[in-house]
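Comments concern the structure below.
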Amino acid sequence: MKRRRLILGLGGLASLGGSLVGTGAFTSVSAERDIAVETADDANAFLAMVPIDSPNGDAFATTQDGLILLEFTNTDAGGSGLGTDSVYDFDDVFRVTNQGTQPVYVWAVFADASGDFNVGTSDTDVWFYAHGDSDNKLRDSADDVLYLTPGADADIGVHVDTDDLNEGQDLTATINADASKPADGGTVVGREGTSIPGPTDGLTGYWPLNTVGDGTAEDAVGGADASVPSEISSTAGKTGEAAEFPEADVAIQPNPNAEATMSFSVAVWLNAAGFDQTSYPLAVSKWQRAQNRDYLIGYNGPEDQLYAQFNREPDGNKTTLFGPTPEVDVWYHCVLTYDRNGVGRFYVDGTEVDSARGAFNSTSSQFVIGTKDGGGNSWHGRIDDVRIYSRALDPGEVTALYDSTR
């Protein structure tokens, strides 16, 4: 079989082939940005890149002067390059890690192809992909983009179609990382290849609750997974599966805790199996006791309304926002936002229903799905698509989130 070689010079982030490093948060990094930076090796950059200790990582990824080189030529098994007229998926070749201080979107741009080998159009012959799913094309910002929260990582594979590979190639792949989603970006890919519908800028925690039946509530963007008590079951939801909470004091408690920021949004789909007008069941909360509470979304029994609260002062005074009177076995999308101007807003099904101005006091209470920190005020019914943002979504974004998940 006739074989050709393909070398990917994986430098990324700067025309030097180096990565960027500095101090504090970074908003956008790429070769095209006009910013002052200094270079660092790939392992120590804000967006770190290292070969994976795996069969494909060992065979095709090396480091040279602190940078990664991907070379698909000779292997220890005796191969001498890529076969022609073939399609290859090389899973788990190198790993990218967000070592910055805010979430970023990551994608690659390929250049320096020769002959008929195509890297610049939708009919591209090469792209990177994450989490073993080569349908996720991290090729440019018009295709899919990878979303990484601070400290999160992803294993990257390489897809190559050699139908047009009629000569050896020395390609350069520029890895881009940006705190804002590209305007022309396609699907946003989170942990384990999870597609994330709706707004994603500032998304720090996302529990789709599609894996409850496996005993785990996975955080699709961060590392705050949660063990699911056996009393909580998986059922049909608004976006795939949902968590079914029985009439019992059980909850889903992400770990590590989802710390509150001074500007935030909390979103949840909720559906009650019944209402007790003497109780206050909570769908999501960061709320422990009178002097240790941040926020909640749930049902206010005496008022017979959906409601949200946020803490106003260390002594436990709070601001309450009210929504509509809910019906049994009906889905409602609820969002609480708090902005830097000190205004809290409560939205139900994409529409603002109440707002109020008040100070916010963050505490050490635990974020919990289905009850409050320490138990009590338990939700009876279904909960789906729980999210936390480190900023206040605007009204248009809240509507977009509702529309994209209903």
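Using the per-residue mean of other Cβ atoms lying within 10 Å as a proxy for protection, in what order, highest first, do the peptides 338-346, 354-362 fall?
Per-residue mean Cβ counts within 10 Å order the peptides as 338-346, 354-362.
Exposure proxy shown here: for LYS372, LYS238, the number of other Cβ atoms within 10 Å sets the order, fewest to most, as LYS238, LYS372.
Rg and Dmax of region 360-406, both derived from C-alpha coordinates alone, stand at 13.8, 35 Å.
Projecting the Cα positions of GLN253, TYR295, ILE369 onto the charge dipole of region 203-405 (unit charges on Cβ atoms of Lys, Arg, Asp and Glu, taken about the Cα centre) puts TYR295 furthest along the positive direction. Amide H contacts under 5 Å for GLY222: TYR206, restricted to partners 5 or more places along the chain or on a different chain, H placed in the peptide plane at 1.01 Å from N.
Using θ = phi - 60° in the Karplus curve 6.51 cos²θ - 1.76 cosθ + 1.60, the 3J(HN,Hα) couplings for region 245-254 round to 9, x, 7, 7, 8, 10, 8, 10, 10, x Hz; x is entered for Gly and Pro.
With a simple spin-label model that places each label point 7 Å from the Cα along the Cα-to-Cβ direction, the separation between SER362 and TYR88 comes to 4.7 nm.
Around the amide H of ASP354, modelled in the peptide plane, lie the amide H atoms of PHE346, all under 5 Å away and 5 or more residues distant in sequence or on another chain. With Rh defined as the Kirkwood radius, the inverse of the mean 1/r over Cα pairs, the Rg/Rh of region 203-405 is 0.92.
Counting only residues at least eight positions apart within a chain, or on another chain, the lysines with an alpha carbon under 29 Å from that of LYS372 are LYS238, LYS286, LYS318. Computed from the C-beta positions of ASN317 and ASP53, the FRET efficiency with R₀ = 56 Å rounds to 0.55. Each label point was placed 7 Å from the Cα along the Cα-to-Cβ direction; for SER227 and ASP403 their separation is 4.2 nm.
No lab work stands behind these numbers, since they all come straight from the coordinates. Not measured: the values here are computed from a predicted model. With ideal geometry, Cβ positions are generated from the backbone for all residues, glycine too; neighbour counts draw on all protein chains shown.
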